[in-house]
Amino acid sequence: AVLQSTREAATARGIDGQRAPVWQRNFGIAAHIDSGKTTLTERVLFYAGRIRKIHEVRGKDGVGATMDSMELERERGITIASAATYCSWRNGVQLNLIDTPGHVDFTIEVERALRVLDGAVLVVCGASGVQSQSLTVDRQMKRHRVPRLTFINKLDRMGADPWRALRQLNERLRMPAAFINLPIGLERDLEGVVDVIRQCAVYFDGEHGERVRVEESLPPALRATAEQARRQLIERLANVDEPFGDCFLQREYDVPEAALRAALRRATIARRFSPVLCGSALKNIGVQPVLDAVVDYLPSPLEVESYGMESRGERRLLLQPDAAAPLVSLAFKLEEGRFGQLTYLRVYQGTLRRGDNVFNARTGKKVKVPRLMRMHADEMQDVEEARAGDICAMFGLECASGDTFTDETGKVRGISLESLHVPEPVM
Ligand code: GDP
């Protein structure tokens, strides 16, 4: 598995041998409790190739048959509870799926998790609609300027209504949103999605919906609805993205696909728009399009602005997501792992190398970088370095969550990513 990862990493390196952060996404999945966040997370890790089985089959042949619910939870826990899990999609796009705590309160821990995300998928239940907690999650994302996609889940359930959910999103979340795909069938008849941009039908075959089959012709009953959704998407985007608005004035609904996609990406990253996807995580319908949308419409670490604060004074420093710049990184989570305490870090600028000396801005002490790891869903891998944009974990480092590690010399020494340092007990 490690060999395969290395090869994947190699394909993700640019021609100059530098890994291009443009091929990375650091994202999280956020939701109202019970909307299907855990199920979606598990499916994402399944399709992104890092776990080999799906645990829903309770009591049937397979996993569930030999596992009671405690064991099941434990096994699920191991595969998905990591603070950040590394996986990949579409030939080497590196995804770091970051765990967003389920709490609704504004604790420093939640804020920190949101801080290291560059984008998020907000899951809402297609039967219950937008609930209070979705509003809280939305406000938190707003504070941290996290761009987001929305996934309307559970469309296989009785009473599921994606149109009502979309209306609620537009009314309550105050960010224009429109479908980029639509369900084919609802409730028990849910069988796939219509790609609104390309106007084609996408079905998910195989036991876990792992094979994606695209049909150019739409089910006749959906043709008018799909065209209407395409027009709505174009109109709403034209309202929030000026270049696309100009294009719409000239071409009306005959806009080029590339212009539409580019506008969708710009508007989503600028937090002026949220693309909405449909499906059912439990029935394995519509999950791969979510991963595609993470890659297509959420920003890479190169496309987000992050700031550090100089230790004395109020001055903010714009960080450069450049591997060659002096190091600035944040320890965002401490975790008691199977082999001792793990510290999760995000590198914002520069490169963190095993064996290097780095400076802890809070303690004012110099420390040596011990073992560096990358956490997969069911294994970990030693790495030599982590570059700007990367998420990694360290073993055997004494620090508190929220600590900033910087280059030990020069201009960034003592730069802090958090004004508040609340030492956190190890969970
Ligand atoms: P979380 O609390 O948001 O993490 O939600 P879970 O993923 O644990 O899901 C809550 C419940 O909803 C579980 O019983 C799931 O099996 C169920 N569930 C999740 N996704 C779907 C779906 O797409 N359709 C249906 N019918 N049930 C789902």
- Task: Give me the pairs, please: first residue somewhere in region 27-42 and in a helix (DSSP H, G or I), second residue anywhere and of a type outside the set (Val, Ile, Thr) and more than 6 Å from the ligand (Cβ to nearest atom), beta-carbon distance under 6 Å, and either six or more positions apart or on two chains.
- Result: none
- Item | Candidates Ala393, Ala386, filtered to the one that is of a type in the set (Gly, Ala, Ser), free of Cβ contacts under 8 Å to residues at least 60 places away in the same chain and crowded, with 23+ Cβ neighbours inside 10 Å | Ala386
- Flagged pairs (Cβ under 6 angstrom, 6 or more apart or on separate chains; first in region 247-276, on the phi > 0 side of the Ramachandran plot; second surrounded by 18 or more Cβ atoms within 10 Å (Cβ to Cβ)) are Arg271/Pro147
- For the subset of region 270-302 comprising residues that are touching a Gly at 6+ places or on another chain (Cβ under 8 Å) and among the β-branched types (Val, Ile, Thr), which member is farthest from the ligand (Cβ to nearest atom)? Val294
- Task: Mind telling me which of the residues Leu319, Leu345, Leu302 ends up being modelled with pLDDT of 90 or more and surrounded by fewer than 24 Cβ atoms within 10 Å (Cβ to Cβ)?
- Result: Leu319
- Query: Ile234 is checked against (1) under 18 Å from Asn96 (Cα atoms); (2) part of a helix (DSSP H, G or I); (3) among the β-branched types (Val, Ile, Thr) and fails just one. What number does that condition carry?
  - Reply: (1)
- Message: On the basis of being free of Cβ contacts under 8 Å to residues at least 40 places away in the same chain, within 16 Å of the ligand (Cβ to nearest atom) and either aliphatic (A, V, I, L, M) or surrounded by 21 or more Cβ atoms within 10 Å (Cβ to Cβ) (or both), does Val124 make the cut?
- Response: no
- Query: Do you know which of the residues in region 24-34 that are at pLDDT below 90 and buried (at least 22 other Cβ atoms within 10 Å of the Cβ) is nearest to the ligand (Cβ to nearest atom)?
  - Reply: Ala31
- Task: Check region 144-160 and report whether any residue there is polar (S, T, N, Q), touching a residue at least 12 places away in the same chain (Cβ under 8 Å) and within 11 Å of the ligand (Cβ to nearest atom).
- Result: yes
- Breaking point among (1) over 30 Å from Phe46 (Cα atoms); (2) assigned to a strand (DSSP E or B), for Thr363: (2)
- Mind checking which pairs have a first residue in region 208-219 that is of a type in the set (Val, Ile, Thr) and a second that is surrounded by 13 or more Cβ atoms within 10 Å (Cβ to Cβ) and at pLDDT 95 or above, Cβ under 6 Å, 6 or more apart or different chains? Val212/Gln288; Val214/Cys200; Val214/Val202
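The values are calculated or read from the model by the stated rules, or taken from the named source; none is laboratory data. Owing to the predicted nature of the structure, the values given are computational and were not obtained by experimental measurement. Cβ sites come from the backbone with ideal geometry, for glycine too, and all protein chains shown count toward neighbours.
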